[in-house]
Ligand SMILES: [Ca+2]
Ligand SMILES: [Ca+2]
C-alpha cells in the first residue's frame, strides 16, 4: 500500500521550491547589480571631490585664470592689499583683504592674488586681528575675479589653513546686509554720548580700505546706481539719471563731486579724504563746477540745469531730497578725519566762505538739513555697499541720525 503511494505531490513540491529558488536568485542578482551601481556612483563622486580638493590652483595659475569661475587656490599670506599696487606687510590697518603668493617672501604685487574678506571671514583671517597669519599657507575657495583693479578672488566660500582640520563654513552673509547687525559694528560706541561717542566712532570708522581715485569711478557706479535702471547712476544735486558709461570731463557727462570740497583742507585726490566714497557722488560736470568749493547754506539764485538748487557768492543749497545726505556726508568727514594719518582735521563750523581752511559751514543749517531729510532707502543702500564692497566702513549718521545731536548739541 505504501509502495504505491503517489509521488507526484513531492515532485510538485520540489518544482515549486525550485521555481522559488530561481526567483530568489534573480531578485538577489538585481539587488547586487543595483548596489554595485550605487557604490560606483558614490565612489566616482568621492574621487571627483578628492580630485578637486587635492589639486588647488597655484597663485600664478589663479592670476592667469580671472574668469569668474570658483576655484580653490593655495598660497602664502604675504600682506594686506590697500590699493592696486600697495600691500602692507606690517602695521595692518584692517581685516578686509589679504594677499596670497606662491612664495612667503614675495613682495612683487603683480605676483599676488588679492583675496576679499567678506564679513564672516574677517575675525579669523584678517591681518589686523591676526597678524600671525603672515607667511602661513592657506587654501581659499571662491570666484576668481578682479579686486582693487588687480587679480583677485572675491566673496570666498571656504578658507582653511593647509594641513589643518577644515573649520566649519560660517553662515554665509548675503550682500548687502549690515543694517540689521550694525550694533556689532558700533559696539564700542553704543551707550556713549558727546565727545566719548565721537572718539569711539572715530576709532571705528577709521578702519577702512582706502581706494584710489580711479577706483572711485567703479565704486560710484555701484553705490549710486539708479534703482530703476541698473545701467545708470543718479546725479546727487540735479537728481538726473545718467548712463554709468557717460562719465568723464565733457559737457553733460558726470564726474566725481567732492561734497566736502577738496580745497577745504587741500587734500586733493590723493588716496585718502579725496578718494573717500562716503562723500563722493556723481554729478553733472557743469553743476559740479557751479557748486565749486562753496560752503552749504540756504538761499541764493537758481542754479542752471539743477532743479531746486540755489547759490550765491559764498554758499550752495541743494534740492530738498538730498539736504540730509549732504549734511551726513559732511559730519562723517568731520569724525573720520581728526588730524591723524597725515590728513587735516576736517571740521564743520558756522561760517560760509571758508575757502581753503579745513572747515565747511554752516553747521546749524546742516543739522537742520539732517533732521528734515532722514536717511532713505537709497542712502542706506549706499552706506551698505560702501561697507560691504568698497571701504569696509560706515557712515554712523546714516545708521544713527540721533548721534548728530549728541555730538553737536
Ligand atoms: Ca535724502
Ligand atoms: Ca575732524
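Of all residues assigned to region 335-352, none qualifies as being part of a helix (DSSP H, G or I), surrounded by 22 or more Cβ atoms within 10 Å (Cβ to Cβ), at negative phi and within 16 Å of ligand 1 (Cβ to nearest atom).
All of (1) more than 22 Å from residue 241 (Cβ to Cβ); (2) more than 16 Å from ligand 2 (Cβ to nearest atom); (3) without any contact (Cβ under 8 Å) to a residue 40 or more places away in the chain; (4) assigned to a helix (DSSP H, G or I) hold for residue 299 with one exception: (4).
Scanning region 182-213 for residues that are in a loop (DSSP other than H, G, I, E, B) and farther than 14 Å from residue 400 by Cβ yields 206, 207, 208, 209, 210, 211, 212. Exactly one residue among 314, 384 is more than 16 Å from ligand 2 (Cβ to nearest atom), without any contact (Cβ under 8 Å) to a residue 60 or more places away in the chain and either surrounded by fewer than 21 Cβ atoms within 10 Å (Cβ to Cβ) or not assigned by TED's automatic domain parsing to the domain that holds residue 234 (or both), and that residue is 314.
Checked against the criteria, residue 346 does not count as away from ligand 2 (no atom under 16 Å from the Cβ) and in contact with a strand residue (DSSP E or B) (Cβ under 8 Å, 6 or more places away or on another chain). Please tell me if residue 368 is away from ligand 2 (no atom under 16 Å from the Cβ) and either assigned to a helix (DSSP H, G or I) or crowded, with 23+ Cβ neighbours inside 10 Å (or both). Spelling it out, residue 368 is indeed away from ligand 2 (no atom under 16 Å from the Cβ) and either assigned to a helix (DSSP H, G or I) or crowded, with 23+ Cβ neighbours inside 10 Å (or both).
Taken together, the residues in region 320-334 that are away from ligand 1 (no atom under 16 Å from the Cβ) and over 26 Å from the mean Cα position of the chain (by Cα) amount to 0. A count restricted to region 356-384 and to residues that are away from ligand 1 (no atom under 16 Å from the Cβ) and either closer than 30 Å to residue 116 by Cβ or in contact with a strand residue (DSSP E or B) (Cβ under 9 Å, 6 or more places away or on another chain) (or both) stands at 7.
The values are calculated or read from the model by the stated rules, or taken from the named source; none is laboratory data. Note that the coordinates shown come from a computational prediction; the quantities given were computed from them, not determined experimentally. Glycine also receives a Cβ, built like all others from the backbone with ideal geometry; neighbour counts cover every protein chain displayed.
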